[in-house]
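One structure is given below, encoded as C-alpha cells.
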Amino acid sequence: MGRCKKTVAGRWQFSEHRDSWHINCLGIVHEELCFTAFGDFSEARGYKNNSATRGFLRSIHDTKNPWLEGLSQPHSILTARDGYLYLCDSETGNIRQYTMEFTLQRTLNIGGYSRGPAWRDGILFVGLSASRNVVEGEHQQAKIVAFGTKTWTEIDRIVVPCQEIYDLLIFDDREEFLFWVERILIYERTRALDRIRSLEEKLAGKINECARLHVFLGY
C-alpha cells in the first residue's frame, strides 16, 4: 500500500492540563462526533481515586451540555443496528443500553473492566480486561463476553491470550478480516525486531564496558 499524506482537519483542547479529563473513546451518534471522558477535572490525573460518577459522554462540538453524565470511567460507544446505543461504564464493570434519545433501558454487569462492545445478529460481544490488581487467579487474562440483547442474558465467555481488550471489531468480509490480520502481524513483527535491535545494542554496550574494565584491571 502506498503512503497517504495525513493532514490535521481539526483539533480540540478542553483543558490546559495534560490528561486531566482522560478523554479516551470516540464515536458517532446522530451523525455527530462524540467522546467519553472520566470527568471535567482541573489538574493532571485528577480522576485518580476520584472517578466514580464523574464521567460523561459529550459531543465534540458542545462540551457544556453532556448527552450522558454520572458515569464511572466510561469508554466505548457503539450505535448498533438494533437501534440502541451501547456504552461501557468500565469502572463499574457494566455495559449500558440506551435509546437514541439517551434514555437508559438496561444495565448488565459482566464482572470486570468492560470495553469494546461489538454487535452482530442480536448478540453483543464485550471485552473484559484482566484486573491490574491481582497476581494470580482467574482474573489474570482478558475475556470476551457474549450475551443476547433481546433476553439480556449471558450466552458465553471465552478467555483470550492477552491481559487487556481495548476494542472489538466485527468483520462481515473474510478478505477484509485477513487483510487486517496481516497488517497487525506485520506491525507486531516490526515492533519485535525493533525491540530485539534495542536489546542487542544494549548488550553490545555492556560487552564493551566489560572489555574496557578488563583492560583497566590488567586481565
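The values are calculated or read from the model by the stated rules, or taken from the named source; none is laboratory data. In this text, all values refer to a predicted model and were calculated from it rather than measured experimentally. Glycine also receives a Cβ, built like all others from the backbone with ideal geometry; neighbour counts cover every protein chain displayed.
Answer yes or no: is there a residue in segment 156-179 that is outside any loop (DSSP other than H, G, I, E, B), in contact (Cβ under 8 Å) with a residue 24 or more places away in the chain and surrounded by 13 or more Cβ atoms within 10 Å (Cβ to Cβ). Yes.
Of the residues making up segment 168-182, none is in contact with a strand residue (DSSP E or B) (Cβ under 6 Å, 6 or more places away or on another chain) and among the aromatic types (F, W, Y). Condition check for D121 on (1) more than 18 Å from C88 (Cβ to Cβ); (2) at pLDDT 90 or above; (3) in contact with a strand residue (DSSP E or B) (Cβ under 7 Å, 6 or more places away or on another chain): one failure, at (3).
In segment 49-60, the qualifying residues are those that are within 18 Å of M100 (Cβ to Cβ) and of a type outside the set (A, V, I, L, M, F, W, C), and the one that is surrounded by the most Cβ atoms within 10 Å (Cβ to Cβ) is R58.
The sole residue among D167, D173 that is over 21 Å from L108 (Cα atoms) and not hydroxyl-bearing (S, T, Y) is D173.
For H214, the criteria (1) assigned by TED's automatic domain parsing to the domain that holds R58; (2) loosely packed, with under 11 Cβ neighbours inside 10 Å hold in every case but one, which is (1). Screening the candidates F102, F41 for the property of being surrounded by 20 or more Cβ atoms within 10 Å (Cβ to Cβ), part of a loop (DSSP other than H, G, I, E, B) and over 20 Å from the mean Cα position of the chain (by Cα) yields one hit, F41.
Do we find that E188 is part of a helix (DSSP H, G or I), more than 30 Å from Q105 (Cβ to Cβ), under 23 Å from the mean Cα position of the chain (by Cα) and outside the structural domain of A80 (by TED's automatic domain parsing) in this structure? For E188, the condition - part of a helix (DSSP H, G or I), more than 30 Å from Q105 (Cβ to Cβ), under 23 Å from the mean Cα position of the chain (by Cα) and outside the structural domain of A80 (by TED's automatic domain parsing) - is met. Do we find that T36 is in contact with a Leu (Cβ under 6 Å, 6 or more places away or on another chain) and either assigned to a loop (DSSP other than H, G, I, E, B) or buried (at least 20 other Cβ atoms within 10 Å of the Cβ) (or both) in this structure? Yes; evaluated as a whole, the condition is true for this residue.
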